[in-house]
Amino acid sequence: MILIKKFLRLLFFLNPIFRLILLISIDTVLIILGVFITFYFQGNSEEIIIYEISRWLAPSIFFVGIPFFALTGQYFGLTKYSSSSGFYRLAIRNFVLIALLFIIGNVFQKEMPSTSSWLLLWLIITTLLISIRLLIRDIFLSMCASQKNIIPKAAIYGAGSAGAQLALSLRLSRDYQVISFFDDNEKLWGRTINGIKINSPREITKLKHKFSHIFLAIPSIGRSNCRQIIKNIENQGLSVSRIPSLEDLTSGKARIDSFRPINIEDLLGRDPAIPNEELLRDSIHGSVVCVTGAGGSIGSELCRQIAKISPSKLILLEISEPNLYDINEELCQILPKDQHPIAILGSASDQFLVEKIFIDYSVDVVFHAAAYKHVPLVETNPIQGISNNVFSTFSICKSAEVAGVKKMLLISSDKAVRPKNVMGASKRLAELVVQAFAEKAEETSNYLNQPIKCCYSMVRFGNVLNSSGSVVPLFQNQIMNGGPITLTNKEAVRFFMTIPEAAQLVLQAVSLAKRGGEVYLLDMGEPVRILDLAKKMIRLNGLTIKEPNNPKGDIEISITGLRAGEKLYEELLIDATANPTDHPLIFSAKERKISYELLFLKLKQLEKQIKIQNTNSVLEIVLDLVSEWESQLYKKKN
């Protein structure tokens, strides 16, 4: 065996031409050896063996077999990547070779071995050739490993087909050495995959010192089960990655070894809300749709989702040139040329521009996502925040009324409920604008005894993961920079949803809206404590928390205190009762409103004070309209 290894090591470093010559020589020797072994087991005499080999069988094998192998690609494959499919092809080639030899013997009327001898010859030759290739492959892999640094050890959670494929991929790439499988199925415990034992998840505690990383190889796992598994792994201080989803694997978007870190979406307190496909399509398919703030986190995802539903036209309105360029280029790459979106650079507050867009393109549905939403920035720039959030909404609503748009939906925020900051108050005032236009449309409809021309509605949701300004990318950047993670309060809790969920909620809400004035919200499940979120993110990065009982930890969590206008918890309703809709996780409500005559009068006063940059008067008017707003900023000014 030592001599064989030395020989194969020499083969490993040889020129490819010499390797090919050696492999052909090995095959020749093994095939002839297979003939001798076959006749030996058949009990034939020595004279018959010599006769069969020397007179026709050996030359035939050499002059027919080797060229046949070469022509059928046997020497084109890379030995170190040999797999079961390659060995099956080798067995078929050998069978065809035996058949050719059988035909040659009959054509030239040579003395023929028995049928059983031919079958045994095929079996022995196949066994010899596959065995030598397995040996060469394994030694090549070990020599490849020796060219690298020490290979990190890992375990795989999931002993199904995905786990087995991942183990094989990692073995070939030599990026990790898999030393254990873990699986919840008791029937698999104690069994092996390619010699690697399958253990109970309870054994992670006992074996964790043997590896540093776990790959979660269950592509179809639900979020609730995933969350529990990850919790158990992170409690052991191990880092964890997931293989792609089953959808990405089957569609070819990702390979089995395209690992990704555990996303914080995997740790939400609920499974994702499954969209109602009929509701998604109802108001979008075949309609002219306009999205304001099309380059933002929510706006861009809305555009992606809308593009899948085949609108008649998709209009992107965005004030940021880079953001508009990015989302327009992305959509142009994936959509046919005749379905490319119409990209318009401009402000949703520019009523003349918005009216022209709605009229020129006969817009049917408008999603108003444009807004300033970063609480601290708007808190220090209150006039700009109020001006943009309130008057862009007024501009969109008024233009929709003039142009005969069928549906307009405002994307609001949970911070609009009993707001404690300027951003929340501005979003609540924007909601009041939508309610006022909805009331006006309904009164006009009743007076003329006609259907409502434009249905105005709004949707509220909590924090959107990985959106611009979200706490998740902030924490991730702080972790990457070595910490500390800055947390405003240990008891702060938030509702979270993913960006796709938020976009789907918006699209379904616009289909659910019938009369107008409704606010729609999603069953957000249990709120997430921000402190727990920070700890999970630290552990999922394979790091430890620096705290009094672990002073040598990697990342410290620093409590900075609540910022101006920040709440410990968020709500989704002010004083209304949520009613069920056609979607089991989407609810609607009708909330307190202000008559449109009074609101429009106050908005004229507000606009005047904004033009002269009178902050105190601006805040006073907003406080008068949003009576539930606890304005710390205004109190300080007075």
Inter-site label distance for Ser617 and His209 at 7 Å from Cα along Cβ, in nm
7.5 nm
Burial-style ranking of 294-301, 528-535, 311-318, 208-215, average other-beta-carbon count within 10 Å with highest first, yields 294-301, 311-318, 528-535, 208-215
Spatial separation of Cα centroids for region 374-398 and region 304-372, in angstrom:
21 Å
Using 7 Å Cα-to-Cβ label points, what is the Asn481/Gln339 separation (nm, one decimal)?
4.2 nm
Can you give me the distance in nm between label points at Ser25 and Asn446, each placed 7 Å from the Cα along the Cα-to-Cβ direction?
10.0 nm
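Note the full-extension length gain between Lys308 and Leu377 as 0.36 nm times their separation in residues minus their Cα-Cα distance, in nm to one decimal. Working shown, then result.
Details: separation 69, 0.36 × 69 = 24.84 nm, distance 3.44 nm.
Full-extension gain reported as 21.4 nm.
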Less than 11 Å Cβ to Cβ from Gly482, Lys/Arg counted +1 and Asp/Glu -1: what total charge do the surrounding residues give?
-1
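Laboratory data are not the source of any read-out in this text; all were calculated from the coordinates shown. Model, not experiment: these values are computed from the prediction. When we count neighbours, we look across all protein chains shown, and the Cβ atoms used for this are built from the backbone with ideal geometry, even at glycine.
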